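S.K.: To start, I am sharing the structure in question, which I have written as structure tokens.
The values are calculated or read from the model by the stated rules, or taken from the named source; none is laboratory data. Everything quoted here is computed from the prediction, not taken from an experiment. Cβ: placed from backbone, ideal geometry, glycine included. Neighbour counts: every protein chain shown. When the accessible area is computed, the model is the full protein with side chains, heavy atoms only, and any ligands, DNA or RNA have been set aside. Shrake-Rupley method; radii C 1.70, N 1.55, O 1.52, S 1.80 Å.
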Amino acid sequence: MTQKIKISLLAKHQIARDALRDVFSGENFHILQAASSETALVGARGSIDDDVKDHVVIIDGGNGGFGLNACAGVTARKKLARIALLLDKYIFDDVFEAFQIGVDAILIRGPSSAPLIEAIKLVALGEKMFPAQLVSDLTRSDSGTHGVRATGNVASIGLSGREAEILESIMAGMANKAIARQLGICEATVKVHVKAILRKLGVENRTQAATWGVMNGLAEPGRFRVREIGPVRSGQLRSALSGEAA
């Protein structure tokens, strides 16, 4: 029997929580809780119950605001659970802020629930999912206004050749274990390199490091491997950029 994906729902309004319950009432999911606020979600302990990798916290963000604040709060209180933010429409500033917070997926609401269901299955497996438009917008934007600076090449920032390789792997959505296997080194060594990369780039997390790589031309936008969901006409999940599980 296939293990069910654990789901927690966070939405400000009851009607939104009920709608999400209906979407994820299938046999592939187990809804742990549905909350109206970050405080209600984390409870008295101040941490997420069942904080494991196959637990996806779905936050209904509507047009931003509530959702972005909730993402920041939940991210600070979880270790392994994954966070997916559901938005009504693509707004660059909102999507980029969520991207900077470090959510695992930003999903734009579409006319069908089927793409959302498939997307959450991928998120539970470690897939990073962002609107493909974000990548093209990042390459055109003045990154200085968003906290990730275009500062030159890897040599000018002080990255070693090995660190540059690992940064490219991070941009490809690879986890430390996969990077270690690819480069023939131990996972602990990869972790040391990742910490050094974050420090040298002056960023806080892997997502920001990947953003720095795009901004500074370390790889073409098409190599920044994220998946896109909706809005879609066919009601089917499609990959705008080649994706790889993190």
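S.K.: Looking at E163, is it modelled with pLDDT of 75 or more, assigned to a helix (DSSP H, G or I) and of a type outside the set (S, T, Y)?
M.R.: Working: modelled with pLDDT of 75 or more: yes; assigned to a helix (DSSP H, G or I): yes; of a type outside the set (S, T, Y): yes.
Criteria met by E163.
S.K.: Assess whether A84 counts as being closer than 15 Å to K6 by Cα, surrounded by 22 or more Cβ atoms within 10 Å (Cβ to Cβ) and in contact with a helix residue (DSSP H, G or I) (Cβ under 8 Å, 6 or more places away or on another chain).
M.R.: On the way: closer than 15 Å to K6 by Cα: yes; surrounded by 22 or more Cβ atoms within 10 Å (Cβ to Cβ): yes; in contact with a helix residue (DSSP H, G or I) (Cβ under 8 Å, 6 or more places away or on another chain): yes.
So A84 passes the test.
S.K.: Sticking with this structure for a sec: Condition check: part of a loop (DSSP other than H, G, I, E, B), open to solvent by 60 Å² or more (accessible area, probe 1.4 Å), farther than 22 Å from F130 by Cβ and without any contact (Cβ under 8 Å) to a residue 60 or more places away in the chain. Does D49 satisfy that? If you could, list the steps in order and put the result at the bottom.
M.R.: Details: part of a loop (DSSP other than H, G, I, E, B): yes; open to solvent by 60 Å² or more (accessible area, probe 1.4 Å): yes; farther than 22 Å from F130 by Cβ: yes; without any contact (Cβ under 8 Å) to a residue 60 or more places away in the chain: yes.
Answer is yes for this residue.
S.K.: Here is a list of conditions, (1) modelled with pLDDT of 90 or more; (2) in a helix (DSSP H, G or I); (3) among the charged types (D, E, K, R); (4) crowded, with 17+ Cβ neighbours inside 10 Å, and D60 meets all of them except one; can you say which number that is?
M.R.: That leaves (2) as the condition not met.
S.K.: Moving to a separate point now. Just give me the residues in the range 17-46 being closer than 23 Å to Q3 by Cβ, open to solvent by less than 70 Å² (accessible area, probe 1.4 Å) and assigned to a loop (DSSP other than H, G, I, E, B), in sequence order. Walk me through it before giving the result.
M.R.: Applying the first criterion (closer than 23 Å to Q3 by Cβ) to the range 17-46 yields 20-34, 41.
Remaining after also requiring open to solvent by less than 70 Å² (accessible area, probe 1.4 Å): 20, 23-24, 26, 28-29, 31-34, 41.
Residues satisfying the conditions are F24, G26, N28.
S.K.: In addition: For the range 107-126, enumerate the residues that are open to solvent by less than 10 Å² (accessible area, probe 1.4 Å) and under 16 Å from H55 (Cα atoms).
M.R.: A119, I120, V123, G126 - these are the residues of the range 107-126 that are open to solvent by less than 10 Å² (accessible area, probe 1.4 Å) and under 16 Å from H55 (Cα atoms).
S.K.: Follow-up question, since we're still on this one. Would you confirm, using the coordinates I've provided, whether V194 is at pLDDT 85 or above and either open to solvent by less than 60 Å² (accessible area, probe 1.4 Å) or over 23 Å from T75 (Cα atoms) (or both)?
M.R.: Values: at pLDDT 85 or above: yes; either open to solvent by less than 60 Å² (accessible area, probe 1.4 Å) or over 23 Å from T75 (Cα atoms) (or both): yes.
It is true that V194 is at pLDDT 85 or above and either open to solvent by less than 60 Å² (accessible area, probe 1.4 Å) or over 23 Å from T75 (Cα atoms) (or both).
S.K.: For G73, indicate whether it is free of Cβ contacts under 8 Å to residues at least 60 places away in the same chain, in a helix (DSSP H, G or I) and open to solvent by less than 40 Å² (accessible area, probe 1.4 Å). Before the answer, list the steps.
M.R.: Working: free of Cβ contacts under 8 Å to residues at least 60 places away in the same chain: yes; in a helix (DSSP H, G or I): yes; open to solvent by less than 40 Å² (accessible area, probe 1.4 Å): yes.
So G73 fits the description; yes.
S.K.: Considering the range 1-12 alone, what residues qualify as being open to solvent by 40 Å² or more (accessible area, probe 1.4 Å) and touching a strand residue (DSSP E or B) at 6+ places or on another chain (Cβ under 8 Å)? Outline the logic, then answer.
M.R.: The first filter runs over the range 1-12 and keeps only residues open to solvent by 40 Å² or more (accessible area, probe 1.4 Å), leaving 1-4, 12.
Those that are open to solvent by 40 Å² or more (accessible area, probe 1.4 Å) and touching a strand residue (DSSP E or B) at 6+ places or on another chain (Cβ under 8 Å): K4, K12.
S.K.: Name the residues in the range 86-115 that are among the hydrophobic types (A, V, I, L, M, F, W, C) and out of contact with any strand residue (DSSP E or B) (no Cβ under 6 Å at 6 or more places or on another chain), would you?
M.R.: So in the range 86-115, the residues among the hydrophobic types (A, V, I, L, M, F, W, C) come out as 86-87, 91-92, 95-96, 98-99, 101, 103, 105-108, 114.
Of everything in the range 86-115, those that are among the hydrophobic types (A, V, I, L, M, F, W, C) and out of contact with any strand residue (DSSP E or B) (no Cβ under 6 Å at 6 or more places or on another chain) turn out to be I91, F92, F96, F99, I101, A114.
S.K.: So which residues in the range 72-95 are of a type in the set (A, V, I, L, M, F, W, C) and within 11 Å of the chain's Cα centre (by Cα)?
M.R.: Here is the first cut: in the range 72-95, the ones of a type in the set (A, V, I, L, M, F, W, C) are 72, 74, 76, 80-81, 83-87, 91-92, 95.
Residues satisfying the conditions are I83, A84, L85, V95.
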